Amino acid sequence: MYSYTPQTSQPITHHHLAVCGSTNNELMQSLAQQKIDSNQPYLLTASQQTAGRGQRARTWQSPIGNIYLSLYHPLSVPISGLLSLVVGFHLTRLPIIQQINRQRHAVNLPLIGVKWANDIGYYATKDTIEKNPEGSSFRKLAGILIEPVAVDNKVTGIIVGVGINIEAAPVLGDVAQESMGYQAVSLTQIINETAQAQTALNTKNEKAPNQIAHNQAGPSTLKLPYPKADDLYLPVSTTILRAIHQFTSFKYQAYSLPSFINDYQSVNVLAGRQVQITQQPLKNINQSDLETAKPVVLQGEVMGLNEDGSLQLKTHLEDKILKIYTGTIRII
């Protein structure tokens, strides 16, 4: 156990486990049992999870070599769906992600961004999908799971859980891919894909030295070193703290929220896309109605975010903008 001081907050204690069921569960239990101070931020990481969790009670496969991280922080403002988007936005600003994106931009590969509301990754190009037609077009690098911590029915803090595929990407079966709508990808795979594209472009330019390539990337780019989970705990946790700080500022600084919504568009991988959104029946309706209820399917163009974190969807038929709070999204 050790401490460090991020630029945006007070000192934070970090505890690492070789194996645990779920870092979010472990941290929640420690708070309930008052093993840690609920007035102070606390970071828990693990090399491996045996019962990792994602959104909607889905399992999160947790092979060794990746980041499994949960950060507790006291919270003085009401929680909303915006928080996961703010965390996702700041994670795309990690130096390693920024370096990768610069190289991917140079070779016309899709950039790593945020998929509303809890995923980080990118949509594969048409060429990539044609080579692997059975695979989902979304490549998921990381996921975010935010859970409130309550005392006497009052939310006093939050746990921000983050899983990032660093060395290994979980292999999802066809059924899992279909239900989750994505394929997993690791930073290592993304670095390799980017380097291969750079090599191919350099070879093309060498063969046609007198022609100006349409999207010439310039001189050869050095391949990035493969990151390790241990090296990223500090920058990732500091980034989460920065995101919480910005989310808190929405209440006190009038310009902060509109500024974030504008900035978010730069990493929004759904921006301007035609999508189909499937919404499951509400679970709080009576059992007989639930058994006969059918999912609601909406189609339209993603316009951006609302100030409550909901997605703006411009529908095809009625030409109006709906607020979307939940649903499974697929690109049309």
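Nothing in this text is a laboratory measurement; each read-out follows from the coordinates by a stated rule. Model, not experiment: these values are computed from the prediction. Counting neighbours? That spans all protein chains shown, and the Cβs are built from the backbone with ideal geometry, glycine included.
Worth pointing out:
- Sequence-distant residues sharing a close amide H with L224 (under 5 Å, placed H): none
- Amide H contacts under 5 Å for I146: G161, restricted to partners 5 or more places along the chain or on a different chain, H placed in the peptide plane at 1.01 Å from N.
- With θ taken as phi - 60° and the Karplus curve 6.51 cos²θ - 1.76 cosθ + 1.60 applied, the whole-hertz 3J(HN,Hα) list for region 294-302 is 10, x, 8, 10, 10, 10, x, 10, 6 Hz, x standing for glycine and proline.
- Neighbour-count order for H90, H245, fewest beta carbons within 10 angstrom listed first: H245, H90
- In this structure, the amide hydrogen of G21, modeled 1.01 Å from its nitrogen in the peptide plane, lies closer than 5 angstrom to those of T50, counting only residues at least 5 positions away or on a different chain.
- Which listed pairs, of K35/K140; K294/K314; K204/K314; K140/K223; K251/K323; K207/K228, have C-alpha distances above 32 Å, in listed order: K35/K140; K204/K314; K207/K228
- Proximal charge balance of S186 [Cβ under 13 Å; K/R count +1, D/E count -1]: +1
- Chain lengthening between T278 and K294 when straightened (0.36 nm per residue, less Cα-Cα): 4.7 nm
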